[in-house]
Every structure is written in structure tokens, then in C-alpha cells.
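The values are calculated or read from the model by the stated rules, or taken from the named source; none is laboratory data. Keep in mind it's a predicted model, so treat the numbers as computed, not measured. Every residue, glycine as well, gets a Cβ built from its backbone with ideal geometry; the counts of neighbours run over all protein chains shown.
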Amino acid sequence: MRRAFLAVTGLAAGTTLLVVLKAAPETTRVAEVATPERPPVVPAPAGPTPTGSAPAAPERTSAPPTTTEPSTPATTRAPRNAGGRTTSATPTPRRTTAPPSTRRTVTGPVVGNEYGNVQVRIVLVGDRIVDVVALELPEETAESDRRSSSVDNRYSGTDGEVVRRQDADLDTVSGATATSDAYQQSLQAAIDAARR
């Protein structure tokens, strides 16, 4: 009797198993059609791996990761380092600041002529003349005062001929040759002293 019971039980179990196995391939096939298998997405390492340590095993995901960055071609995207900060592909040049230019004043000698004395002072920033002042010009007569004013207006100041030319080689003021020559002599001596 025991054998009969085992035979009936075995037959029932076999039939159940057969029914389950016959239905199982259809269920699996339906599942494959509904959700096709995707290869796992493995993100690339964010930065260089430190020497001596093994890279961490990436997590496996079945869906692609979402990103908030705009899509740009790989050739234009800047690489990111491990800290998440964007780094430049080319090194940025170091900004060097030039030492502040020194402003200095140099006074030329007094140069005398038949109408009086002439003396010039120049103001420089670095090696560049930025201003010229006539400290002394002949003013003894109305005529010498007029000539001196013509020379001063043409040569002196921040926008005078000396600043434009950066030189003592100036055009002579008509009617004031002696004063022009004395002005240029004092100016040249001041320039020479400044460039020593």
C-alpha cells in the first residue's frame, strides 16, 4: 500500500511539474517582450585613480542615469576633476602685474640768452615725459614776454610738442629763435639727467 501511495503521489507531482514547466516558457517569453534586457550602465571614473588603490566597483543600474547638464559634443566639454570643479584643457596664464611706474621730476639748468634766462622742468612716469613746465622765461620787455609766451604755449604742458615728440629736437618758434634754442638746451639737459 505504501508503494501505491508513493506512486500516486509521484504521478501527481510529475503532472504538476509538467504543467508548470509547459506554461513557464510562455510567461518568460512575454516578460522578455515587455521588458527587453538592457546592458548595465557603468559610469566612467570621475577623475584619475590614486596610485596604490583599486578603483571602486561601479554600481549596476538597469536604466540610464539622468543628467541636468546640456548635451554638448564631447570635444567641447571641459573635463571635470574629482572635486566636481570644471578644469580648463589649457593652462591659464599667470597674471603678472608690472611694478607701479615711478613719477619723478627733473629740472634742467638755467640757460641764459640775450633776452634773459630759460629753465625747464620735466615730469616723467617711467621713461615717458608726461608734462613740461617752463620755470623761467624772459619777460623783461613786452616783446620778450610775447616771444616767451609763444615758446611756452607750443612746447610746455601735457599736450605740448615735447610730450608728443618725447624729445628735445623741436621746431623753432618763428620770431623767438634765441628763446627756443635756450628752452631746448635746458630741456635736453633735463632729459639726459633723467635717463642716466
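Odds and ends about this structure:
- Qualifying positions in the range 109-131 - under 13 Å from Ala189 (Cβ atoms) and either touching an Asp or Glu at 6+ places or on another chain (Cβ under 9 Å) or among the basic types (Lys, Arg) (or both): Val110, Val111, Val118, Gln119, Val120, Arg121, Ile122
- From Asp152, Asp169, residue being surrounded by fewer than 18 Cβ atoms within 10 Å (Cβ to Cβ), of a type in the set (D, E, K, R) and under 25 Å from Arg103 (Cβ atoms): Asp169
- Counting the residues of the range 106-116 that are touching a strand residue (DSSP E or B) at 6+ places or on another chain (Cβ under 7 Å), outside any strand (DSSP E or B) and closer than 18 Å to Ser149 by Cα gives 1.
- Any chance Asp127 is under 37 Å from the mean Cα position of the chain (by Cα) and modelled with pLDDT of 95 or more: no
- Thr158 meets all of the listed conditions (1) β-branched (Val, Ile, Thr); (2) within 47 Å of the chain's Cα centre (by Cα); (3) crowded, with 16+ Cβ neighbours inside 10 Å but one, namely (3).
- Members of the range 157-196 that are in contact (Cβ under 8 Å) with a residue 24 or more places away in the chain and in contact with a helix residue (DSSP H, G or I) (Cβ under 7 Å, 6 or more places away or on another chain): Gly160, Val162, Val173, Gly175, Ala176, Thr179, Ser180, Tyr183, Leu187
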